[in-house]
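Reading through the structure tokens given below for one structure.
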Amino acid sequence: MSDRAGDCEVLMRNLGIDPSKILKCCAHIILGVDYAIDKVFKNTEQKIGVHNLLEVTAGERIFTSPSSSIHTLGLIAIAKLLSPSHAQHSVSLYNDFKSWMANNGLKADGFRGFVANRFGRIAELAQEYLTWRGSIQAFFNAVVDINSNKLVLAVSTFIQNDWFTCCSEIYSKMGELMIFPMMEILGIDKRGDERNADRTWAGVKGFFDSKLVDLNELMVERKEHPRSGKDRLEGAVIEEVIDAVKNQLSKTDYFTRSEGETSGEMKYAPLTNLG
């Protein structure tokens, strides 16, 4: 049974279900990592002050959210402005951006726009933004009227901001270290089209055991020997991610036991409901 709701765990315990029979929805682990990263960013923003980080005066209106960090809000705004799925909307600049790059002799090979997916969305958007950051900034400086509407004004603020870029770099790195490999081994979205010999219960258990060790080593290095504030922020993010993953895995009995104890178990059990 997939634990898709917060009260599901209590329900199954009250029903007397054997803990070894309870499985975890894989989406919870990935979304848990997303939440952990965003939580650290949000807490840091509250400590320093959003106006200070975005470098705007107290009288200027800025875009904020009570539940998301500046970074998440900014990436979603960029995705809406430069997404092919919104290209026909009057607010979209997707076609204008592609035309501007072509007219200025800039290579647009590989630019598919900011396309959201179900899982790993923010990490993929951060990666896409960093790839095209220079071109997007030049496009805004050259032809965009930043006061044309609130969405454009917000995006122009985000793409020029050091805090937003710093968060994007950390998020992109966490994507490479944890989110994308996790999507690969679990076969999520298009990654499921490719065969993977480790896409088994034992393989996933080994993946998490190894990844958590690697992340812990990097966290210790960042926290004990930081070279910058960015290193300290990255260390805090990794620490929160480790806690989130451990908490999610602890909900499934199979992941709480040693390799020797689980040897031979789940050998023929499907990893997902797709078989």
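Per-structure values
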{"item": "The lone exception for ASP109 - which of (1) of a type in the set (Asp, Glu); (2) at pLDDT below 95; (3) assigned to a helix (DSSP H, G or I) it fails", "result": "(3)"}
{"item": "Members of segment 57-90 found to be open to solvent by less than 40 Å² (accessible area, probe 1.4 Å), more than 20 Å from ILE136 (Cβ to Cβ) and at pLDDT below 80, listed by number", "result": "SER65"}
{"item": "The listed residue being within 18 Å of ASP34 (Cα to Cα) and at pLDDT 95 or above, out of ALA236, ALA244", "result": "ALA236"}
{"item": "Number of the exception - VAL144 against (1) at positive phi; (2) without any contact (Cβ under 8 Å) to a residue 60 or more places away in the chain", "result": "(1)"}
{"item": "Residues within segment 199-220 that are touching a Gly at 6+ places or on another chain (Cβ under 7 Å) and outside any loop (DSSP other than H, G, I, E, B), tallied", "result": "1"}
{"item": "Selection count, segment 221-265, where residues are in a helix (DSSP H, G or I), open to solvent by less than 60 Å² (accessible area, probe 1.4 Å) and out of contact with any helix residue (DSSP H, G or I) (no Cβ under 8 Å at 6 or more places or on another chain)", "result": "1"}
{"item": "Residue in segment 4-12 that is assigned to a helix (DSSP H, G or I), open to solvent by 50 Å² or more (accessible area, probe 1.4 Å) and at pLDDT 70 or above present", "result": "no"}
{"item": "Count of segment 247-267 residues which are at pLDDT 80 or above and closer than 18 Å to TYR35 by Cβ", "result": "4"}
{"item": "Residue count for segment 112-139, restricted to those that are more than 20 Å from THR165 (Cα to Cα) and either touching an Asp or Glu at 6+ places or on another chain (Cβ under 6 Å) or modelled with pLDDT of 90 or more (or both)", "result": "1"}
{"item": "Matching option when the condition is basic (Lys, Arg), more than 28 Å from ASN95 (Cα to Cα) and free of Cβ contacts under 8 Å to residues at least 24 places away in the same chain, among LYS251, LYS205, LYS223, LYS173", "result": "LYS223"}
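Yes or no, residue by residue, for (1) acidic (Asp, Glu); (2) within 25 Å of the chain's Cα centre (by Cα):
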{"position": "ALA126", "(1), (2)": "no, yes"}
{"position": "THR131", "(1), (2)": "no, yes"}
{"position": "PHE139", "(1), (2)": "no, no"}
{"position": "ASP145", "(1), (2)": "yes, no"}
{"position": "ASN149", "(1), (2)": "no, no"}
{"position": "GLN160", "(1), (2)": "no, yes"}
{"position": "PHE164", "(1), (2)": "no, yes"}
{"position": "SER168", "(1), (2)": "no, yes"}
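The values are calculated or read from the model by the stated rules, or taken from the named source; none is laboratory data. Remember, it's a predicted structure, so these values are computed and weren't measured experimentally. Note that each Cβ is placed from the backbone with ideal geometry, even for glycine, and that neighbours are counted across all protein chains shown. Quick note on the areas: whole protein, heavy atoms, side chains included, nothing else; ligands and nucleic acids left out. Shrake-Rupley method; radii C 1.70, N 1.55, O 1.52, S 1.80 Å.
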